[in-house]
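To start, the structure itself, in structure tokens.
What follows is calculated from the coordinates using simple rules that are stated; it is not laboratory data. If you're wondering where the values come from, they're calculated on a predicted model, not measured in any experiment. When we count neighbours, we look across all protein chains shown, and the Cβ atoms used for this are built from the backbone with ideal geometry, even at glycine.
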DNA sequence: TCCATATTTCCATTATTATAGAATTATGGA
DNA sequence: TCCATAATTCTATAATAATGGAAATATGGA
């Protein structure tokens, strides 16, 4: 992963309502959520939300598909995984001080499958 | 970790020269680097770099201490670790799709100690 | 076809961020 | 004390991002 792509993803997540949107998408899973439902539940106007979803999508963190009149957005888990791996390996060079706690957390999550 | 702190850290890293600074600090280890050396090696004016170091420091990602005429900056590994754990656990809810590759990377890094 | 719903695009406004010149502060050495 | 070096703070400017009203586009149903 290129650092410029990492920066795009970091910037996409570095804003309160976008981070909230992304969390909702993660929670919603593969089925995803309609743009309108997200806007309603977060109290964001539809046009503003649309701009934020575009930013998340351009960063690679979300995908979209049309379903009838709605557009359904879903989190891209692979992109998020790639970002975390970039931060861990490239940016932090796998330093044990950074990785130790993370290995526990990620490992536990995988084992709980 | 609060989401507002995570956003601060994400924003601090979401800019090319700040990310480059942070990478250098990680590479430099606990001893850290003098502000002037960072400015020279990255070709940033000292006042601009100072502003960026302040942002990294306020986000908790760097610490500073004076040594003679120089001010030495160092990466705060704990803060970075906390951010990665936040993104993995809180934001991504430990989803295996996100965690699997990360568990490998972080685990390998820890085992290589 | 006509209408309501869902979302996006266009546009303007406001707020925030990035950058660097100039001045200031702090330290160490002659 | 005086000077050179290191870094920061002050200030202004330019660039980018966030927000929302209004209009446009797309879909499904009567």
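Okay, here's what the table says:
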{"read-out": "7 Å along Cα→Cβ, label-point gaps from residue A:90 to other copies, nm, shortest first", "value": "2.6"}
{"read-out": "Computed label-point distance, nm, for sites residue A:4 and residue A:112 using a 7 Å Cα→Cβ extension", "value": "3.8"}
{"read-out": "Computed Kirkwood radius, in angstrom, where 1/r is averaged over Cα pairs of the range A:58-106", "value": "12.8"}
{"read-out": "Other-copy label distances relative to residue A:65, 7 angstrom Cα-Cβ extension, nm", "value": "5.5"}
{"read-out": "Using a 7 Å Cα-to-Cβ projection, residue B:3 label spacings across copies, nm, ascending", "value": "3.0"}
{"read-out": "Quarter of Cα convex hull surface for the range A:3-76, i.e. mean projection, nm²", "value": "4.4"}
{"read-out": "Calculated Rg and Dmax of the protein assembly as shown using C-alpha coordinates, Å", "value": "18.4, 67"}
{"read-out": "Distance from the range B:28-76 to the range A:1-45 (C-alpha centre basis), Å", "value": "32"}
